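Visitor: Got a structure for you, questions after.
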Amino acid sequence: MRKIQGNSLEDQLAALEDLTEHVTRARQVLHQLPLLKVEGTDESPPLVLQAISIAQAAVEQLEEFASGLERSYPTGSVIALKRDGQLCRATVLGNPSEEEVAAFITDLKRSDEQLWESAALVSLLLGLASKWLAAGFAPPVVLHTLAESAPQVIALGMDLSRLQARGQTPHSAGL
Amino acid sequence: MSLKDALKKFTDSIADLSNLEITTYTGKLEQAVDATTGQIKWDDFKPTSGKLSLVAATLVRPNLNTVNFRAAVAEDADLKSLLDLHTAAVDSARTGRMAVIKIFMGLIPTTPGS
């Protein structure tokens, strides 16, 4: 686990990166973790672990959005959107049909919706990371704040999953 | 990609909250794709390159004043579809910028002393 000196944005991002490691260490230090257990079940993963998985998925979504979007279509055309700093370039190569352009726009809007949901989740996590830094990553603080926010993380994660499930619905054009 | 790398990549790409420039080009596949790698040659996308046609461009200034350009015609293409695509790209670019702001709202305490 890296040593974190200050409370800069870099440090907060590093704290998020080490999320799993902080939680593992905290669990080792604390012997009883009633706040991690899911009531009534022994088999479901603890809420905090569910929250961590969801957080990882949200960040992957951000990465996907940052890369832009590119689709090839049956007519041989390619439509792409590339983000580069303050520039955003859309390119249409070949002669896509009206339906293919519409399909790309639908994919783009879906990607934007997913980004918006991911942003809410990452924002919540960044706020937590800030608290961990302030507390010097004390295990009780890491676990308590995570457990406290787990229901909210899971709820945001479910919204994201619903959007992703909608995105997996087959459409007429695209890959 | 690590959590930090993904976040850095995203924020670095949009964190410059100055002008936002959105351009939409059209052209032939072979003019824009590298024959060796099969990748799109993004660096060739300039209004002066002569390989691709600029269909539309939008400049959003920090005060949200917006300047738009649209071509009168699009060679071998349905101009309406391309303009719809450009509008979607403008919306997407704005969403990206708003999402960065939303992410960093998490660092602002919601209650005094928190």
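What follows draws every value from the coordinates through simple rules; no lab data is involved. Note that the structure is predicted; figures quoted are calculated from it, not measured. Quick reminder, even Gly has a Cβ in these numbers, built from the backbone with ideal geometry, and neighbours come from all protein chains shown.
Visitor: Taking θ as phi - 60°, what are the ³J(HN,Hα) couplings along the stretch A:83-88 by the Karplus curve (6.51, -1.76, 1.60), each to the nearest whole Hz, with x for Gly and Pro?
Guide: Residue by residue, the stretch A:83-88 yields 9, 8, x, 8, 9, 9 Hz.
Visitor: Just add up the charged neighbours of A:GLY157: K/R +1, D/E -1, any other residue whose Cβ is under 13 Å from the Cβ of A:GLY157. Before the final figure, lay out each step's value.
Guide: Values: positive: A:ARG162; negative: A:GLU60, A:GLU117, A:ASP159.
Within the 13 Å Cβ shell, the charges total -2.
Visitor: Between beta-carbons, use under 13 Å as the cut-off and find the net charge around B:THR95, counting Lys and Arg +1, Asp and Glu -1. Please report the intermediate quantities before stating the final value.
Guide: Details: positive: A:ARG83, A:LYS109, A:ARG110, B:ARG94, B:ARG97, B:LYS102; negative: A:ASP112, A:GLU113, A:GLU117, B:ASP91.
Result for the local shell: +2.
Visitor: Past the 32 Å Cα-Cα mark, which pairs from A:LYS109/B:LYS28; A:LYS82/B:LYS102; B:LYS28/B:LYS102; A:LYS131/B:LYS41? List each step's numbers first, then the result.
Guide: Numbers: A:LYS109/B:LYS28 25 Å; A:LYS82/B:LYS102 22 Å; B:LYS28/B:LYS102 38 Å; A:LYS131/B:LYS41 44 Å.
Exceeds cut-off: B:LYS28/B:LYS102; A:LYS131/B:LYS41.
Visitor: Expected output is a single nm value to one decimal: the length gained when fully extending between A:ASN95 and A:ARG166, i.e. 0.36 nm times separation in residues minus the C-alpha distance. What is it? Mind dumping the intermediate values first?
Guide: On the way: separation 71, 0.36 × 71 = 25.56 nm, distance 2.78 nm.
Between A:ASN95 and A:ARG166, full extension yields 22.8 nm more.
Visitor: Obtain the nm distance between the two label points defined at B:LYS41 and A:ALA135 by a simple spin-label model: each point lies 7 Å from its Cα along the Cα-to-C-beta direction.
Guide: So the label points at B:LYS41 and A:ALA135 sit 5.5 nm apart.
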